[in-house]
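The values are calculated or read from the model by the stated rules, or taken from the named source; none is laboratory data. As the structure is a prediction and not an experimental result, all values here were calculated from the model. Reconstructed Cβ throughout: ideal geometry from the backbone, glycine too, with neighbour counts over all protein chains shown.
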Amino acid sequence: MRALLSVLKAVADKNRVRIIKMLEQKPMCCCEMAAVLGITQPSVSKHLSILKNAGLITDERNGQWIDYSLSKENINEYAPVIQAHLRQWVNEDTAIVRDRKKISTVKREEICKR
């Protein structure tokens, strides 16, 4: 039951659902997501930690960045089911539509300060 509750908790937040929907489009780093969401990088990092612990996303080093993407591993039986449903859900939500448009304008080289 712990895995189920972890996945449900992870998708019970608007920003975390927005992150999942962004990662359906492409892998992204924390600073890119913060720019799209309009929240701080520490807040995004906290959301990413919850999503990763639930088995919904994964991370991979890409040079100086850490790219986050949807998990393809079945860490638990619930995460893939929720991912599949989310691909079909809330696609017409105004925040999701706006995020998708903004993703294409965000350039990590310009916004990520290291």
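Filter the stretch 75-114 down to the residues that are over 21 Å from residue 32 (Cα atoms), without any contact (Cβ under 8 Å) to a residue 60 or more places away in the chain and not in a loop (DSSP other than H, G, I, E, B) and list them by number.
If the condition is that a residue be over 21 Å from residue 32 (Cα atoms), without any contact (Cβ under 8 Å) to a residue 60 or more places away in the chain and not in a loop (DSSP other than H, G, I, E, B), then 80, 81, 84, 85, 88 are the ones that fit.
Looking at residue 50, is it closer than 21 Å to residue 110 by Cα and modelled with pLDDT of 95 or more?
no
Please find, among 58, 94, the residue that is touching an Asp or Glu at 6+ places or on another chain (Cβ under 8 Å), of a type in the set (Val, Ile, Thr) and under 18 Å from residue 15 (Cα atoms).
58
In the stretch 63-74, how many are touching a residue at least 40 places away in the same chain (Cβ under 8 Å) and buried (at least 17 other Cβ atoms within 10 Å of the Cβ)?
Going through the stretch 63-74 one residue at a time, the tally reaches 4.
Which is within 20 Å of residue 98 (Cα to Cα) and buried (at least 21 other Cβ atoms within 10 Å of the Cβ), of 19, 39, 57?
19
Name the single residue that is nearest to the chain's Cα centre (by Cα) among those in the stretch 61-82 being modelled with pLDDT of 95 or more and polar (S, T, N, Q).
Going through the qualifying residues, I end up with 69.
Consider residue 51 against the criteria (1) loosely packed, with under 14 Cβ neighbours inside 10 Å; (2) farther than 18 Å from residue 95 by Cα: it satisfies all of them except one. Which criterion is unmet?
The one condition residue 51 does not meet is (1).
So if I check each of 36, 44, 17, which one is part of a helix (DSSP H, G or I) and more than 20 Å from residue 110 (Cα to Cα)?
Of the residues listed, the single one that is part of a helix (DSSP H, G or I) and more than 20 Å from residue 110 (Cα to Cα) is 17.
Residue 26 is checked against (1) over 21 Å from residue 6 (Cβ atoms); (2) out of contact with any Ser or Thr (no Cβ under 9 Å at 6 or more places or on another chain); (3) surrounded by fewer than 17 Cβ atoms within 10 Å (Cβ to Cβ); (4) not aliphatic (A, V, I, L, M) and fails just one. What number does that condition carry?
Single failed check for residue 26: (2).
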